[in-house]
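Worksheet: one structure, shown below.
Just so you know, all these numbers are worked out from the coordinates, no wet-lab data involved. What you are looking at is a predicted structure, and each value in this text was computed from that prediction instead of being measured. In this analysis, Cβ positions are derived from the backbone assuming ideal geometry, glycine residues included, and neighbour counts consider all displayed protein chains.
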Amino acid sequence: MFKNLFKKFAHVDWIMFLSTLPLLAAGLIAMRSLGTGSNYFFTRQLSWIGISFVIFFAFSLADWRFLKNGRILVILWGIALAILSALLVIGKTIKGAASWFNLSSVAFQPSDPIKILIILILAKYFARRHIEIAHIKHIVVSGLYAMIPTLLVFMQPDAGSAIIFFLIWLGMVMVSGINKKHLALLSLIAIMSFGLSWAYVLKPYQKDRIASFLHPLKDIKGSGYNAAQSVIAVGSGGVLGKGIGYGTQSRLEFLPEHQTDFIFAAFAEEWGLIGVTFIFTFFGILIWRILKMALHGQSNFETFFSLGFAIFLMAHFTVHTGMNIGLMPITGVTIPFMSYGGSHMLTVFAGLGILTGMNKYARHSIRQNDLTGEFVSI
């Protein structure tokens, strides 16, 4: 039985999968040490991890080549826009953003799986047009696929998810071979868009977060409180950390949302530089294995999806750690595998499952040309 099971999952990149376990353990240890007796977040996170593993292995067995049908992806994109629009009307408000559907005792955030959908759509688009990507029209069209859901998410308002949507698109455009002149134009447009957003779109509390990032000591008891406490927690961990259960900033509730938005700071306080190095090492191994899959994709579609998913994980990781150490504004972005939350955990392992499913029919010496359908040597 075990022999047949091993053959069934022989295509799984076990180094990739096993590299997630230390990160999951780090998050669970931080949650348990922060518990008040009931360990609510710890036990629920264990359940989400178990469900996520089932999804990962189930998705790894699927043949995802049907997603190369652009019509299917466009239909799913339209459904995603309808869901995000519905959130503006009937969404449950949590932490000031109507980003959730309340399903009995479980709250689900649709923007998480929609990130995977955006990666798939952009992968399909760039796979067919990577040769002529220098034409600005392809940058504009691909931007529409990403920017419309980005605007809907921003209106909730969920600035954190909007930033991740934008970074996914920007990263995939850059790896597709964007013209440097067009990159300069995009930078100019981004600056102008920020100026307009500051004047007409951003809420007062969002402006306060940006102001506190630029001047962290200006309002340390108000808008700058979270950032200040996070930096104190990370710095107080030193090299070896304070020890499990001895993180004063988190255990004494000085550090808010320590199981989600600031779990990196809570972990760093108790484990110090050694623990942080541990996290970066295994996250680096994970990204390395995903990028290796990109090299062996059967076609450009699989390659672009692998690259896009790596960008998605790195965007979450970078923004989360950046805001925890005072290098970025507080936006509520979670860190993959460590932060509490079912929606993001399920999304991440679903994405890994899709990658693994694509790896099942990967070609290690030849790949398929998306335009001609022929296999060519690499």
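Miscellaneous remarks
- Electrostatic dipole magnitude of the stretch 14-361 [Cβ: Lys, Arg +1; Asp, Glu -1; Cα centre; debye, to 20]: 680
- Simple spin-label estimate for ILE90 and VAL140 in nanometres, 7 Å along Cα-Cβ: 3.7
- Where a label projected 7 Å from the Cα of LYS203 along Cα→Cβ would reach, residues of the stretch 309-334 with amide N under 18 Å: 329-334
- Inter-site label distance for PHE278 and TYR225 at 7 Å from Cα along Cβ, in nm: 3.1
- The H on the amide N of SER299, modeled in the peptide plane, is under 5 Å from the matching H of GLN368, each at least 5 residues off or on a different chain.
- Backbone geometry of the stretch 285-299 corresponds, through the Karplus equation with coefficients 6.51, -1.76 and 1.60 at θ = phi - 60°, to 3J(HN,Hα) couplings of 4, 4, 5, 4, 5, 5, 5, 5, 4, 4, 5, 10, x, 4, 9 Hz, x marking Gly and Pro.
- The length gained on full extension between LEU327 and HIS11, counted as 0.36 nm times the residue separation minus their Cα-Cα distance, comes to 109.8 nm.
- In terms of other Cβ atoms within 10 Å, ILE72, ILE121 run from fewest to most in the order ILE72, ILE121.
- Charge dipole of the stretch 14-361 about the Cα centre (unit charges at C-beta), most positive-ward option of GLY177, SER161, ILE79: GLY177
- Shape summary of the stretch 14-361, radius of gyration then Dmax from alpha carbon positions: 20.0, 59 Å.
- Length added when fully stretched, ASN69-LYS292, from 0.36 nm per residue minus Cα-Cα: 77.8 nm
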